[in-house]
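One structure is given here, and the rest of the page talks about it.
None of the figures in this text is laboratory data; all of them are computed from the coordinates on show. Predicted model, so just to flag it, every value in this text is computed and none were measured. When we count neighbours, we look across all protein chains shown, and the Cβ atoms used for this are built from the backbone with ideal geometry, even at glycine.
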Number of protein chains: 2
Amino acid sequence: MTDLQPAVKAGKRERLVDAAVQVFYERGVEKTTIADIAKVADVPVGNVYYYFKTKDQLIEAAVEAHRRRLGHLLEELDRLGAPQERLRGLIAGWVDLRDQAAQFGCPFGTLASEMDKRPDVLDAEIAATMRVLVDWSQRQFAEMGREDAAELGVALIAAYQGISLLTNTFRDPSLMKVEGDRLARWIDSLAA
Amino acid sequence: MTDLQPAVKAGKRERLVDAAVQVFYERGVEKTTIADIAKVADVPVGNVYYYFKTKDQLIEAAVEAHRRRLGHLLEELDRLGAPQERLRGLIAGWVDLRDQAAQFGCPFGTLASEMDKRPDVLDAEIAATMRVLVDWSQRQFAEMGREDAAELGVALIAAYQGISLLTNTFRDPSLMKVEGDRLARWIDSLAA
DNA sequence: GTCTATACCACGATAGAC
DNA sequence: GTCTATCGTGGTATAGAC
């Protein structure tokens with residue numbers, strides 16, 4: 001927050017956010033208690049409230065963490081040469097995490113879905129984070145010379161969110177693999 | 001359950017299930033209280049427990065209701081002539097409900113997503129219901145002569161689940177419309 | 001800044017009168 | 001079968017000692 005915080009404080013706060021991201025993902029936000037997060041972060045329960053006054057603030061911090069993580073991933077992908085390669089790189093990352101998806105779904109999509117039902121948390125933060133991903137995809141399609149880049153970007157992210165849900169519902173990681181291969185072929189077929 | 005129940009009893013039970021389906025959808029399962037459902041169904045709170053001993057039983061009844069509703073929808077679509085027409089009919093239904101999707105997401109997808117986080121409820125029921133939809137889609141693609149019907153059926157339902165999530169996250173019904181049109185064109189392009 | 005003990009409340013579920 | 005009143009549990013949040 002402000003400058004020059006003692007290292008210990010920064011460490012605890014960070015551990016709490018990391019724990020929140022993890023436990024929200026695995027157990028769901030509604031079923032997660034502050035005590036669950038405190039335990040994983042190895043911080044006494046009451047002390048959590050020194051860093052986050054409410055559970056909602058912890059959720060917001062978790063969303064922020066997702067946004068940062070996503071930003072870094074896309075920076076990595078931007079180093080790849082052609083837009084097709086970057087898109088295929090994104091898909092490859094999804095397929096790599098297919099076992100996780102089968103267990104818990106998409107780390108951010110499940111959060112977005114749950115947060116829609118929680119009116120007090122700012123949807124704006126969730127939507128903005130999802131938009132980072134959609135915008136990036138649309139930019140790649142545009143660089144490929146596609147006039148319909150806008151709808152293709154949406155379609156790609158939707159395909160991922162949807163196959164994450166099905167992979168999770170059927171607990172079958174191979175669904176993600178098959179769909180990833182199909183999407184990669186589709187992208188190659190779109191080259192202008 | 002057993003035969004020859006008085007009409008009044010059947011009426012109340014049915015009202016409770018209808019209310020559960022509606023409120024679970026709009027407010028989310030975790031945030032919904034028995035009192036919420038009782039109120040919408042116009043049944044006194046304590047009386048709910050005469051029909052359903054636990055909240056989980058109410059959830060199971062709601063899933064069952066989704067399965068029945070889905071079964072009827074697919075029967076309707078089966079009356080249409082060609083498999084392409086049936087698939088386009090399915091998509092048209094999704095697009096018609098785009099405003100609802102923007103508000104609350106896919107009625108069944110959001111439930112499936114939430115139930116993954118609730119270990120006590122039988123996933124089997126959820127997966128079986130989703131499978132009805134996937135199987136039906138795969139059958140249509142197979143009738144169109146596609147060898148890859150299995151992956152196309154999964155891809156179609158995933159596309160719908162994903163665009164429902166994005167439509168909801170961005171609160172923008174037009175996303176569903178644009179993706180629906182794209183999917184319809186895609187299906188036509190697949191005709192053997 | 002750290003941690004324990006606890007206030008307070010909401011919800012699921014039950015007891016028992018009618 | 002119907003309904004009211006209430007219990008018990010568990011979770012968020014706080015008070016206040018250290």
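Taking the Cα centre of the stretch B:23-125 as reference, the dipole from Cβ charges on Lys and Arg (+1) and Asp and Glu (-1) amounts to some 120 debye.
If neighbour count is taken as other Cβ atoms inside 10 Å, put A:LEU165, B:LEU122, B:LEU156 in order from fewest to most. Each step should come with its number before you reach the end.
Numbers: A:LEU165 31, B:LEU122 14, B:LEU156 23.
Least crowded to most crowded, the residues run B:LEU122, B:LEU156, A:LEU165.
Inter-copy label distances for A:ASN47: 5.3 nm (label point placed 7 Å from Cα along Cα→Cβ; shortest first).
Within straight-line reach of A:LYS39, meaning a Cα separation under 20 Å, sit the following lysines at least 8 residues removed in sequence or on another chain: A:LYS9, A:LYS12, A:LYS31, A:LYS53, A:LYS55, B:LYS117. The radius of gyration of the Cα set in the protein assembly as shown, together with its Dmax, comes out at 22.1, 75 angstrom.
Against chain A, whose longest principal axis comes from its Cα atoms, helix A:107-116 is set at around 70 degrees. By other beta-carbon atoms within 10 Å, ranking A:LEU77, B:LEU73 with the fewest at the front produces B:LEU73, A:LEU77. For the stretch A:184-191, the Karplus equation 6.51 cos²θ - 1.76 cosθ + 1.60, evaluated at θ = phi - 60°, returns couplings of 4, 5, 4, 4, 4, 6, 8, 3 Hz by residue, with Gly and Pro reported as x. Remark: relative contact order (the stretch B:80-190) = 41 percent; criterion is Cα-Cα distance under 8 angstrom and separation of 6 or more residues. Within the stretch B:66-113, the trypsin sites (Lys or Arg not before Pro) that combine a DSSP coil assignment with at most 10 other C-beta atoms in a 10 angstrom radius are B:ARG79. A Förster distance of 35 Å, applied to the separation of the beta-carbon atoms of A:ALA184 and B:ARG131, puts the FRET efficiency at 0.85.
Sort A:VAL132, B:VAL48 so the one with the fewest other Cβ atoms within 10 Å of its own Cβ comes first. If you can, show how the numbers build up before the last one.
On the way: A:VAL132 14, B:VAL48 22.
Sorted ascending by nearby Cβ count, the order is A:VAL132, B:VAL48.
Each other copy places its own label point for A:GLU147 at 3.4 nm from this one, sorted shortest first, where the point lies 7 Å along the Cα-to-beta carbon line.
Dipole orientation for the stretch A:80-190: of the candidates A:ALA149, A:THR129, A:ALA159, A:ALA159 has the Cα lying most toward the positive pole (charges on Cβ; Lys, Arg +1; Asp, Glu -1). For A:GLY81, inter-copy separations between label points set 7 Å beyond Cα along the Cβ vector come to 5.0 nm, shortest first. Here the dipole of chain B is about 480 debye; that uses its Cα centre as origin and unit charges on the Cβ of Lys and Arg (positive) and Asp and Glu (negative).
Computed from backbone phi, the HN-Hα couplings of the stretch B:92-100 come to 4, x, 4, 5, 4, 9, 5, 5, 4 Hz, rounded to whole numbers (Karplus: 6.51 cos²θ - 1.76 cosθ + 1.60, θ = phi - 60°; Gly and Pro given as x).
About the Cα centre of the stretch B:80-190, how large is the charge dipole given +1 on each Lys and Arg Cβ and -1 on each Asp and Glu Cβ? Please answer in debye to the nearest 20. Intermediate values should be presented prior to the final figure.
On the way: 12 positive and 17 negative charges, 51 e Å.
For the stretch B:80-190, the charge dipole is close to 240 debye.
Taking 0.36 nm per intervening residue step and subtracting the Cα-Cα distance, what contour gain separates A:ASP96 from A:ASP123 on full extension?
Details: separation 27, 0.36 × 27 = 9.72 nm, distance 2.90 nm.
Once the chain is fully extended between A:ASP96 and A:ASP123, it gains 6.8 nm.
Summary value for chain A: 23 percent relative contact order, contacts being C-alpha pairs under 8 angstrom separated by 6+ residues.
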